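The next block holds one structure in the form of structure tokens; read it before the comments.
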Amino acid sequence: MATFLITGANRGIGLELVRQAAAAGHHVLAACRGPGRAKELKALEARDDCDVEVVPMDVSEANSIGTAKTHIGTKPIHVLINNAGIMGDDPQSPLDMNFDVLTKVLAVNTVAPLRVTKAFLPNLEAAKGKVIVISSGMGSFGYEETSKMAYCTSKTAVNRLFHGLASALRPKGVAVGIYSPGWVRTAMGGPGATLSVEESARGLLQQIEQLDLAHSGSFSNYAGRQLNW
Ligand SMILES: NC(=O)c1ccc[n+]([C@@H]2O[C@H](COP(=O)([O-])OP(=O)(O)OC[C@H]3O[C@@H](n4cnc5c(N)ncnc54)[C@H](OP(=O)(O)O)[C@@H]3O)[C@@H](O)[C@H]2O)c1
């Protein structure tokens, strides 16, 4: 069975990815920034019938990533899922931008996934593993709505970073997946979204299982549909 490391694991899509990966028999390192508040995740960790270990990690803090790295040590990681993300408050349109929000959103959604991946690269190389970023269709140039530009730009930028990362990691045998989870009923997606967390996570885990070096660096949705950059 594989070892997964999943960020933003305490709620939403991340929590459901933990549930489903653990139910499939995998060992799951479930990273979140507030384990004290992560009741559902702690309950999963306490169960005897699944193998979940909670790891404190704020992805926007280099020191916190370092502490998590020390905690996990040299354990091979087969799948790293960079799921943690924020939408950011308004205003974030091109002509009315809160620059603190822009900076924060880029730090969490763009910089952090690469920083986390770099920290755990030896673990991924040891397993010839896969590194995933949960992106968004809002990162595509085809998405024309401009009211959430900080968020959209952060996802466009992380797509570019992880597309480049795929080229850099191919010789090391580590595949890269860039996935949109669809529009999902979470705190971020809202109650009107079209997908449940169960449907989205199931699809994402299927895509991750099928991912190989030949398809590394491509951008698709939870159902395997190729997306335009
Ligand atoms: N829901 C959708 O429709 C949708 C669509 C497209 C893409 N996505 C992407 O899917 C991913 C998960 O979204 P979601 O819908 O599950 O959102 P969510 O319910 O708002 O959950 C976000 C998760 O990210 C964590 N997080 C935020 N900042 C963090 C930090 N600095 N360090 C560690 N964890 C942090 C949150 O932890 P706290 O509880 O500590 O805040 C929470 O666990 C995100 O990358 C999002 O952009 C979602």
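Of the residues making up the stretch 119-135, those that are within 14 Å of residue 4 (Cβ to Cβ), surrounded by 21 or more Cβ atoms within 10 Å (Cβ to Cβ) and of a type in the set (A, V, I, L, M) number 4.
Tell me the residue from 116, 111, 59 that is surrounded by fewer than 21 Cβ atoms within 10 Å (Cβ to Cβ) and either in contact with a Lys or Arg (Cβ under 8 Å, 6 or more places away or on another chain) or not in a strand (DSSP E or B) (or both), please. Give the steps one after another, and end with the answer.
Working: 116 fails: surrounded by fewer than 21 Cβ atoms within 10 Å (Cβ to Cβ); 59 fails: surrounded by fewer than 21 Cβ atoms within 10 Å (Cβ to Cβ).
On inspection, the qualifying residue turns out to be 111.
Inspection of the stretch 19-26 finds a residue satisfying the criterion of being closer than 20 Å to residue 207 by Cα, at pLDDT 95 or above, within 14 Å of the ligand (Cβ to nearest atom) and not in a strand (DSSP E or B). Among the residues of the stretch 29-56 satisfying the criterion of being outside any helix (DSSP H, G or I) and of a type in the set (Lys, Arg), which is farthest from residue 124 (Cα to Cα)? Among those residues, the one meeting the criterion is 47.
Here is a yes/no grid of residues against (1) surrounded by fewer than 18 Cβ atoms within 10 Å (Cβ to Cβ); (2) under 27 Å from residue 10 (Cβ atoms); (3) modelled with pLDDT under 95:
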| site | (1), (2), (3) |
| --- | --- |
| 150 | no, yes, no |
| 154 | no, yes, no |
| 168 | yes, no, no |
| 180 | no, yes, no |
| 189 | no, yes, no |
| 196 | yes, yes, no |
| 208 | no, yes, no |
| 223 | yes, yes, no |
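A quick yes/no check of all residues on (1) over 14 Å from the mean Cα position of the chain (by Cα); (2) of a type outside the set (Val, Ile, Thr); (3) open to solvent by 10 Å² or more (accessible area, probe 1.4 Å):
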| residue | (1), (2), (3) |
| --- | --- |
| 19 | yes, yes, yes |
| 25 | yes, yes, yes |
| 34 | yes, yes, yes |
| 48 | yes, yes, yes |
| 54 | yes, no, yes |
| 70 | yes, no, yes |
| 73 | yes, yes, yes |
| 80 | no, yes, no |
| 89 | yes, yes, yes |
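The values are calculated or read from the model by the stated rules, or taken from the named source; none is laboratory data. Everything numeric in this text was worked out from a predicted model, so none of it was measured. All Cβ positions, glycine included, derive from the backbone under ideal geometry; neighbour counts span all protein chains shown. With ligands, DNA and RNA removed, areas are computed over all heavy atoms of the protein, side chains included. Shrake-Rupley method; radii C 1.70, N 1.55, O 1.52, S 1.80 Å.
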